[in-house]
Amino acid sequence: MRSSIIVRRGFAVVVFAAITVFGGLSWSQAEVQRDGRIVAAPTGHPWRSIGRVNLAGYRLRRHCTGTLIAHDRVLTARHCLLGLRPGGGVGLVSPREVHFLPGYARGEHLGHYRGVAFETIGGEAMLVRLDRSVLEAPVAVTRRTPAVGGALFQAGYSNDRGQVLTVDPACRYLGPSPDGYWRHDCEAIAGDSGAPILIDTAEGLAIAAIHVGRRGGTGLAEPIDPARLTTGAASP
């Protein structure tokens, strides 16, 4: 029997099939927050392949969100990888100061991987090459752009709930910004930078963009061009 969860968000009631959208999550495996986000346990795809990107270096301790798009590549946002240089100024940190913890939840995770190199694939979109392969299945990347008002799903390690993965299953694409970003209304805050913006495809959820910030209260995401991804990246 297909189970469903009702998410109240403002005056709207959104009903979705948990077994389809959440990779088999049951009601007991998810908590619904007042703002409509869901705390999702990393028990299925793609949630097991989304993780915390922790930075630890010179006067630096923070986290963002990253997603495995190949067995040794993590997609995140460039500004997450910036830090103070020992000699002064701001720039990209050493890749070795970047740690990826897939499926992170309350101190538990599915592995601890370190960065060895960065690859730029967009204005904000960056890949972190890892020191070894991750066993979890990569998340597919799609070039699809939804119609204005189309459904999006955003998953990240928000600062207010940074110990768990929260998913907004009821947000929408609001159209492009003048500078080429996607505008969206997902519940994304600090810590969600680099978080995947997912859309439903015939093959399941796929990454279409990553969250990079907010402008005037509206979320901004950079669409991902699959053609710029490293060979070996998953595709729907």
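Odds and ends about this structure:
- Filtered residues of segment 125-138 (kept if crowded, with 20+ Cβ neighbours inside 10 Å and assigned to a strand (DSSP E or B)): 125, 126, 127, 128, 130
- Residues of segment 71-97 classified as at pLDDT below 95, among the aliphatic types (A, V, I, L, M) and outside any helix (DSSP H, G or I), total: 5
- Qualifying residue in segment 83-102 (condition: over 26 Å from residue 223 (Cα atoms), more than 15 Å from the chain's Cα centre (by Cα), exposed (fewer than 15 other Cβ atoms within 10 Å of the Cβ) and touching a residue at least 60 places away in the same chain (Cβ under 8 Å)): no
- Single match in 191, 219, 156 (criterion: closer than 16 Å to residue 79 by Cβ, modelled with pLDDT under 90 and either basic (Lys, Arg) or crowded, with 20+ Cβ neighbours inside 10 Å (or both)): 191
- Odd one out for residue 180, checked against (1) exposed (fewer than 14 other Cβ atoms within 10 Å of the Cβ); (2) closer than 20 Å to residue 217 by Cβ; (3) in contact with a Gly (Cβ under 7 Å, 6 or more places away or on another chain): (3)
- Taking the conditions (1) closer than 20 Å to residue 81 by Cα; (2) buried (at least 22 other Cβ atoms within 10 Å of the Cβ) in turn, residue 214 satisfies each one other than (2).
- For segment 38-70, a residue qualifies if it is among the charged types (D, E, K, R), in a strand (DSSP E or B) and modelled with pLDDT of 90 or more, and exactly one does: 52.
- Residue check for residue 141: surrounded by 14 or more Cβ atoms within 10 Å (Cβ to Cβ) and under 14 Å from residue 50 (Cα atoms): yes
- Residue within segment 196-212 that is more than 23 Å from residue 163 (Cβ to Cβ), assigned to a loop (DSSP other than H, G, I, E, B) and modelled with pLDDT of 95 or more present: no
- For residue 106, the test of being surrounded by fewer than 18 Cβ atoms within 10 Å (Cβ to Cβ) and modelled with pLDDT under 95 is passed.
- Residue that is in contact (Cβ under 8 Å) with a residue 60 or more places away in the chain and either surrounded by 20 or more Cβ atoms within 10 Å (Cβ to Cβ) or small (Gly, Ala, Ser) (or both), where the choices are 149, 111, 122, 115: 122
- Flag if residue 125 is of a type in the set (A, V, I, L, M) and more than 30 Å from residue 91 (Cβ to Cβ): no
- Qualifying residue in segment 167-174 (condition: touching a residue at least 40 places away in the same chain (Cβ under 8 Å), aliphatic (A, V, I, L, M) and not in a strand (DSSP E or B)): no
The values are calculated or read from the model by the stated rules, or taken from the named source; none is laboratory data. As the structure is a prediction and not an experimental result, all values here were calculated from the model. Note: ideal-geometry Cβ built from the backbone for every residue, glycine included; neighbour counts use all protein chains shown.
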